[in-house]
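The values are calculated or read from the model by the stated rules, or taken from the named source; none is laboratory data. Please read these numbers as outputs of a predicted model, since none were measured by experiment. Here the Cβ is made from the backbone with ideal geometry for all residues, glycine too, and neighbour counts use every protein chain on show. What goes into the accessible areas is simple: the full protein's heavy atoms, side chains included, and nothing from ligands, DNA or RNA. Shrake-Rupley method; radii C 1.70, N 1.55, O 1.52, S 1.80 Å.
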Amino acid sequence: MRYSKYFIPTLKESPADAEVISHKLMIRAGMIRKVAAGIYTYLPLGLKFIRKIENIVREEMNNAGAIELLMPSIIPAELWQKTERWYHYGKELLRIKDRHDRYFCYGPTHEEVITDLVSKEIKSYKQLPVNFYQIQTKFRDEIRPRFGLMRGREFIMKDAYSFDRDEEGAEISYKKMYDAYCKIFERCQLEYRVVEADTGAIGGSFSHEFMVLANTGEDVIVTCSNCGYSANIEKAEVLQKEYPENYSDEPEKPIEKVYTPNVKSIEDVSKYLNVPKTKIIKTIILTDGENVVATLVRGDFDINIVKVKNVMNWDIIYFATEETVKEVTNAPSGFAGPIGLKCKIIADYSIKGMKNFVVGANEKDYHLKNVNFKDFSEIEFYDLRNAVEGDKCPKCSNGVYKIYRGIEVGHIFKLGTKYSEKLNATYLDKDGKEKLIIMGCYGIGIGRTAAATIEQNHDKDGMILPEPISPFKVYLLPVNYNDENIKKIADEIYEKLKNKNIEVLLDDRDERAGKKFKDADLLGFPYRINVGKKVKDGKVELINRKTKEVKEIEIAKIEDYLWKN
Ligand SMILES: [Zn+2]
């Protein structure tokens, strides 16, 4: 492709509203343009990038035996009403009305449509198992769409749905998708982890997330240094039940109420009272909207609200509102403590054995010092805290957790019969009995994978795209295309690469060399060939974008570097 005949409107500056690096670079590299909040046009280069990822996904899905189809993006409300998701999905579901006043939604996911299809078309065990997938544009009406393709409202996704006769079959289908996903992210040359995830509201017995590692990731994951076991922090078990450092011979002292004006956070309390965080207990009030629970954790740890949700057996969990906090503590938030609370209290093991500790006084601007367990009602202990680096691995005996940040790009769920029950997806089994079909669902965010690739692979000059998904393999850069000799050699190399099916972008623009170098680094294709003055000696420069290694190579031998070995 010739740059002058293509369309790559690069920018020097990032747009003011771009917060994350992938968003900034995709705009600057002329890959995407914003149309409305969270809605983008994919410009040619961005689309080419996306298509590369899509093709790998498609090939591996096909290899795994999944069958491609395409469902509508507009879905009639009745289908979503049958599964009741129409009522529970909340405002993220974009609901629309047609000219006949019939309601539809713009699909954020397609369990209903595919299960309805299967319920009508699949009747016999002979037609199972089957796995259908599509690559399609979806919509989720995020309240604050930010971060470009990392979290758009409209996004391209691959979603697959497996249908099996029994649990055993469903597990085989799940494993096939697990393996296919590993191949996909390996082929994209991304550093990733597969982590055990909390199944949350979708339900089902297990689920894994595929996380691309990046310091900018929103998700926190733990990985065992020894056996490689990985989990989302939400799910990561903490085995420790005893904290020897909490125990001491010091006598229990009488409670002392101290004035702590506007001192709310653990950091502030620790500094203000000059006590270490390990001598403070945090009291966090949580609710499912109806019930309220107070949770206690040592000041140097963080409460894990998903663990609390599971202990309480709630469907959903929130931090209590200011109003609820006031109701149960009689004080504004920041001063909650376990003494005299008007709700159930549960505690993390990390506070076991503590003595003479600091808690909130349940009174504005006051804390209590020298509190001991005898001072409040008996509590039950659970694993309620977030794992931290160095915690013991639950799966092997000598490994410890390391913490990473990641971006979720894929998610696989074993769904069970949740949707087949509601949509009556049954089949006639060998024994002549009608049985429910067992389902699984499997998603990959295609645009998100593109963005995550950049979050993981960039430097101060721009993107560093992995070869299998880079829109072009070579950036061919004649430093001065007006120079007859340089032009001639550049054109020859261009034709040669094209003939070898190597995707090459020839920067034939009448621009300063400096501007071309900057754009080449920004676009981040794996290789750049500088065609300059040395052509008179039969030489050009080959630059590796990732390693920045510069090699002077003979023009006649370019092929040794680019398509042999
Ligand atoms: Zn381990």
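Considering the alpha-carbon set of the chain alone, what are its Rg and its Dmax in angstrom?
For the chain, the Cα-based Rg and Dmax read 28.9, 91 Å.
Arrange the residues Y318, Y349 by how much accessible surface each exposes, largest first, with a 1.4 angstrom probe.
Y318, Y349
Report, in debye and to the nearest 20, how large the dipole of region 472-564 comes out about its Cα centre when Lys and Arg carry +1 and Asp and Glu carry -1 on their Cβ.
Roughly 280 debye, rounded to the nearest 20.
For a quick protection proxy, order the peptides 238-248, 71-81 by their average other-Cβ count within 10 Å, most packed first. List each step's numbers first, then the result.
Working: 238-248: 12.9, 71-81: 16.6.
My ranking of the peptides, most packed first, is 71-81, 238-248.
In whole percent, and with a 1.4 Å probe on the protein chains, what portion of the accessible area of the chain is carbon and sulfur?
49 percent
Sort K5, K158, K277, K392 from largest to smallest accessible area, using a 1.4 Å probe on the heavy atoms of the protein chains.
Putting K5, K158, K277, K392 in descending order of accessible area: K5, K392, K277, K158.
Using alpha-carbon pairs under 8 Å, 6+ residues apart, how would you state the relative contact order of the chain in percent?
Normalised by residue count, the contact order of the chain is 17 percent.
When DSSP assigns beta bridges and you keep just the ones with both residues in region 472-564, what percent turn out antiparallel, to the nearest 5? List each step's numbers first, then the result.
Working: 9 of 17 bridges.
Of all bridge pairs located within region 472-564, approximately 55 percent are antiparallel.
Would you mind pulling out the separation of the Cα centroids of region 350-367 and region 368-415, in Å?
Between the Cα centre of region 350-367 and that of region 368-415, the gap is 21 Å.
Which percentage, to the nearest 5, of the DSSP beta bridges contained in region 244-382 is antiparallel?
65 percent
Determine the sum of side-chain charges near S270: Lys and Arg each +1, Asp and Glu each -1, restricted to other residues whose C-beta is under 10 angstrom from that of S270.
Details: positive: K271, K277, K279; negative: E267, D268, D300.
With Lys, Arg at +1 and Asp, Glu at -1, the net is 0.
On C-alpha positions alone, give me the angle between the axis of helix 44-63 and the longest principal axis of the chain, in degrees, nearest 10.
Approximately 70 degrees, to the nearest ten.
Can you work out the accessible area per residue across the chain, with the rest of the protein chains kept in place, probe 1.4 Å, in square angstrom?
47 Å²
Taking the mean number of other Cβ atoms within 10 Å as a proxy for protection, how do you rank 374-381, 332-339, 14-21 from highest to lowest? Please report the intermediate quantities before stating the final value.
Working: 374-381: 11.9, 332-339: 20.0, 14-21: 15.0.
Taking the mean over residues of other Cβ atoms within 10 Å, the ranking is 332-339, 14-21, 374-381.
Gap in Å between the Cα centre of region 14-76 and the Cα centre of region 271-317?
Taking the Cα centre of region 14-76 as reference, the centre of region 271-317 is 39 Å away.
Can you compute log10 of I(q)/I(0) for region 307-371 with the Debye formula, treating each Cα as one identical point scatterer, at q = 0.13 Å⁻¹?
With one equal scatterer per Cα and no solvent, log10 I(q)/I(0) is -0.42.
Alpha carbon centre of region 83-145 versus region 497-565: separation in Å?
Measuring centre to centre over Cα atoms gives 47 Å.
Provide the per-residue ³J(HN,Hα) series for region 457-462, in order, calculated from phi with Karplus coefficients 6.51, -1.76, 1.60 and θ = phi - 60°, each as a whole number of Hz, with x at glycine and proline positions.
Per residue, the Karplus-derived 3J(HN,Hα) values read 10, 7, 9, 5, 8, x Hz.
Taking only C-alpha pairs under 8 Å that are 6+ residues apart, what is the relative contact order of region 472-564 in percent?
Working: 143 pairs, mean separation 27.5, N = 93.
Relative CO of region 472-564 lands at 30 percent.
For region 158-305, what does the alpha-carbon gyration tensor say about shape, rounded, prolate or oblate, given a ≥ b ≥ c as the root eigenvalues, a/c under 1.5 as rounded, and a/b over b/c as prolate?
Here region 158-305 falls in the prolate category.
Can you tell me what the convex hull of the Cα atoms of region 472-564 projects to on average, as an area in nm²?
Numbers: hull surface 21.1 nm².
Convex hull of Cα atoms, orientation-averaged projection: 5.3 nm².
I'd like to know which of Q240, A36, H110 lies farthest towards the positive end of the charge dipole of the chain, counting +1 on Cβ of Lys and Arg and -1 on Cβ of Asp and Glu.
Of the options given, the answer is A36.
Got a number for the accessible area of L43? Probe 1.4 Å, square angstrom, nearest 10.
Around 20 Å² of this residue is reachable by solvent.
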